[in-house]
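**Student:** Provided herewith is a single structure, encoded as structure tokens, for subsequent inquiry.
Taken together, the values in this text are just the output of simple stated rules run on the coordinates, not laboratory data. Everything quoted here is computed from the prediction, not taken from an experiment. Using ideal geometry, Cβ is built from the backbone for each residue, glycine included, and neighbour counts are taken over all protein chains shown.
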Amino acid sequence: MGYFLIGLLVITLSMVNIIEEANCEISPTILSKIERMNRMGPYLGIVAPNNFELNPLLASQAFVPYPSLPIIDFAGRRFRFGKISNQRVVIVMTGLGMVNAGVATQLLVSLFRLKGVLHYGIAGNADVNLQIGDVTIPQFWAHSGLWNWQRYGDGIDNELALEAAGDYTREIGHLQFSKYSNRTDNLLNRIWYQPEEIFPVTGTPEVRQHVFWIPVDKSYFNLARQLENTKLPQCVNTTCLPRPPKVTIVERGMSASVFVDNAAYRTFLSSKFNVTAVEMESAAVALICHQQKLPFVVIRALSDLAGGGSDLSNEANLFGSLAAQNSVDVLVKFIGLIPHGAKFASSSSS
């Protein structure tokens with residue numbers, strides 16, 4: 001009877017933990033693990049978009065998992081602990097798109113003691129002067145998927161809906177669909193790009209601010225300059241790129257929950273905003289870190305020319321794995337540059 005009661009108690013406690021975690025509450029068991037790992041911090045938070053980019057890092061000799069507690073699973077996320085270049089790290093995968101990236105990054109910064117966030121992965125390329133496999137480190141990031149879609153019939157000078165209330169602006173600019181139509185009339189009219197509403201931790205709760213271009217951390221960015229022109233592998237089996245890929249410092253990258261496989265839109269983004277890396281997560285990571293006043297930098301390797309048009313056929317299918325590995329290699333090199341015990345003040349850059 002005694003063993004039965006003990007077993008029943010264990011099952012009951014386990015069910016309580018399951019229910020708490022299902023409701024996104026932190027169970028005592030998980031909380032104890034989080035507190036234990038935080039006593040060993042602070043960490044560099046490493047954010048990967050998906051398994052395609054995460055697995056090369058986990059398989060590399062650079063990453064050494066903690067033997068006693070290598071993972072903590074919470075809220076559908078797996079947080080991995082270890083060291084890279086003798087720096088303590090906690091790694092999380094976001095999943096596809098801006099919402100997933102924002103949720104995973106907020107969980108990371110809320111649960112664990114961090115001294116900075118490093119985001120890496122692959123991206124589409126909007127700059128025809130760069131090559132597949134090149135690794136870009138942009139100074140600024142923006143979310144290009146927050147729009148005010150103008151009513152058909154309204155002209156370029158017409159006030160946008162809710163513009164007078166301060167909710168929307170025409171300052172950033174617009175995309176007019178009729179410029180890309182073979183017909184004389186286009187019911188899609190135009191969309192105006194919008195800044196994000198943000199609520200910084202140092203601000204007044206529920207009093208919004210606005211930001212469009214989010215700067216990476218100045219100290220991280222200066223460290224990244226030391227990697228510029230680093231040569232990287234250029235071949236997949238016997239198929240090689242025209243030249244060895246390199247690390248390149250660029251001005252801007254853009255994200256939205258839209259896969260850009262369209263040359264006209266790529267050209268528009270490049271000419272309008274001077275962006276290079278185009279993908280689906282980095283701006284969300286940037287927005288979270290910016291609001292939390294946490295230093296961050298983004299490392300994105302170019303896997304294809306967005307929308308095609310280069311002389312390299314099947315770009316992403318052929319060279320995607322090379323780009324993913326290049327992003328991991330540059331991430332590891334960057335971590336090796338960070339002084340041990342370094343504390344960066346904010347995520348601002350100039």
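**Student:** Using θ = phi - 60° and the Karplus curve 6.51 cos²θ - 1.76 cosθ + 1.60, what whole-Hz ³J(HN,Hα) does each residue of the stretch 111-126 get, with Gly and Pro shown as x?
**Tutor:** Whole-Hz 3J(HN,Hα) from phi for the stretch 111-126: 8, 10, 6, 10, 10, x, 10, 10, 10, 9, x, 10, 8, x, 10, 10.
**Student:** While we're here: Collect residues whose amide H, placed 1.01 Å from N in the peptide plane, falls under 5 Å from the amide H of Ile46; neighbours closer than 5 in sequence don't count.
**Tutor:** Val90, Ile91, Val92, Leu118
**Student:** To make sure I understand the rule: partners must be aspartates and glutamates, Cα under 17 Å from the Cα of Lys33, and not fewer than 8 residues away in the same chain. Which ones qualify?
**Tutor:** Answer for Lys33, where 17 Å is the Cα cut-off: Glu20, Glu21, Glu25, Asp73, listed by chain and number.
**Student:** Further question: Peptides 111-124, 27-40, 185-198: what's the order by average Cβ count within 10 Å, highest mean first?
**Tutor:** Descending packing order for the listed peptides: 111-124, 185-198, 27-40.
**Student:** Please report how far the C-alpha centroid of the stretch 44-94 lies from that of the stretch 264-308, rounded to the nearest whole angstrom.
**Tutor:** 23
**Student:** So how far, in whole Å, is the C-alpha centre of the stretch 322-339 from the one of the stretch 198-262?
**Tutor:** Between the Cα centres of the stretch 322-339 and the stretch 198-262 lies a distance of 13 Å.
**Student:** Could you name the aspartates and glutamates whose alpha carbon sits less than 16 Å from that of Lys218, not counting residues in the same chain fewer than 8 places away?
**Tutor:** Glu228, Glu251
**Student:** Given the DSSP H assignment, sum -39500 (n - 2.57) over each helix run of at least 4 residues in the chain and divide by its residue total; what's the result at 222 nm in deg cm²/dmol, nearest 500? Before the final figure, lay out the partial values.
**Tutor:** Values: 8 runs with 108 residues, N = 350.
Calculated mean residue ellipticity at 222 nm is -10000 deg cm²/dmol.
**Student:** Moving on to the next point. Using amide H atoms built in the peptide plane, which far-off residues or other-chain residues are under 5 Å from Thr136 H to H?
**Tutor:** Thr248, Arg300, Ala301, Leu302
**Student:** Can you run phi through the Karplus equation (6.51, -1.76, 1.60; θ = phi - 60°) for the stretch 90-104 and list ³J(HN,Hα) in whole Hz, with x for Gly and Pro?
**Tutor:** Couplings: 10, 10, 9, 9, 8, x, 6, x, 5, 5, 4, 5, x, 5, 4 Hz.
**Student:** While we're here: Count charges around Met98 for me, please; just the other residues with Cβ under 11 Å from its Cβ, Lys/Arg as +1, Asp/Glu as -1.
**Tutor:** -3
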